[in-house]
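The values are calculated or read from the model by the stated rules, or taken from the named source; none is laboratory data. All of these numbers come straight from a predicted model, not from anything done at the bench. Cβ: placed from backbone, ideal geometry, glycine included. Neighbour counts: every protein chain shown. Side chains are part of the model used for accessible areas, which takes the heavy atoms of the whole protein and leaves out ligands, DNA and RNA. Shrake-Rupley method; radii C 1.70, N 1.55, O 1.52, S 1.80 Å.
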Amino acid sequence: MSESAWGKKIDVFKSVGWTEEEVLGVFKRFPCLLLSSEEKIRGMMDFFLNKMKLERQTIVANPVLLKLSFSNRVLPRCNVLKFLKSKKLIKGEKNVATFLKLSEKDFMERCVTKYEDKVPGLLEMYGGADK
């Protein structure tokens, strides 16, 4: 990777308050993050920090979140989680990162099929039977 490309990736993280040490630490622990485009990183950071109101430290601790598929995993799961929270079916401050990192089977069991009888249409909201 060129020095210019490396610097641009670091700048994306710094623009949302990360220190250079945090960025380097994340790249050491999760080097495949270097393969992500600046646009993907910026978009995911914007979603997690501004829409989902995750703490910066949550992302620092869970850099894998930035490599997840936004349209196939992050958005559908966050929609289900927000809806369940709005219905007070998920209580307390559950860590969104934990739910995003669950396997498909575990997420379905813990967040979709568990509440299907209380929330008709939850499976469809999540993405239908193809999940």
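Sort through 96, 74 and tell me the only one that's on the phi < 0 side of the Ramachandran plot, surrounded by 18 or more Cβ atoms within 10 Å (Cβ to Cβ), at pLDDT below 95 and aliphatic (A, V, I, L, M).
96
Please go through region 16-53 and give me each residue that is in contact (Cβ under 8 Å) with a residue 24 or more places away in the chain and over 21 Å from residue 71 (Cα atoms), ordered by number.
16, 17, 18, 22, 25, 26, 29, 30
With respect to the numbered conditions (1) touching a Phe, Trp or Tyr at 6+ places or on another chain (Cβ under 9 Å); (2) open to solvent by less than 40 Å² (accessible area, probe 1.4 Å), which one is the sole condition not fulfilled by residue 7?
(1)
Exactly one condition in (1) among the charged types (D, E, K, R); (2) surrounded by 13 or more Cβ atoms within 10 Å (Cβ to Cβ); (3) within 14 Å of the chain's Cα centre (by Cα) is not met by residue 46; state its number.
Result: residue 46 passes all but (2).
Looking only at region 52-68, count how many residues are out of contact with any Phe, Trp or Tyr (no Cβ under 6 Å at 6 or more places or on another chain) and either open to solvent by 50 Å² or more (accessible area, probe 1.4 Å) or under 15 Å from residue 31 (Cβ atoms) (or both).
Total satisfying the criteria: 8.
Being outside any helix (DSSP H, G or I) and free of Cβ contacts under 8 Å to residues at least 12 places away in the same chain is the filter here; which residues of region 96-120 pass it?
Within region 96-120, 102, 103, 116, 117, 120 qualify.
Can you name every residue in region 12-31 that is of a type outside the set (Lys, Arg) and open to solvent by 30 Å² or more (accessible area, probe 1.4 Å)?
Within region 12-31, 15, 16, 17, 19, 20, 21, 22, 24, 30, 31 meet the criteria.
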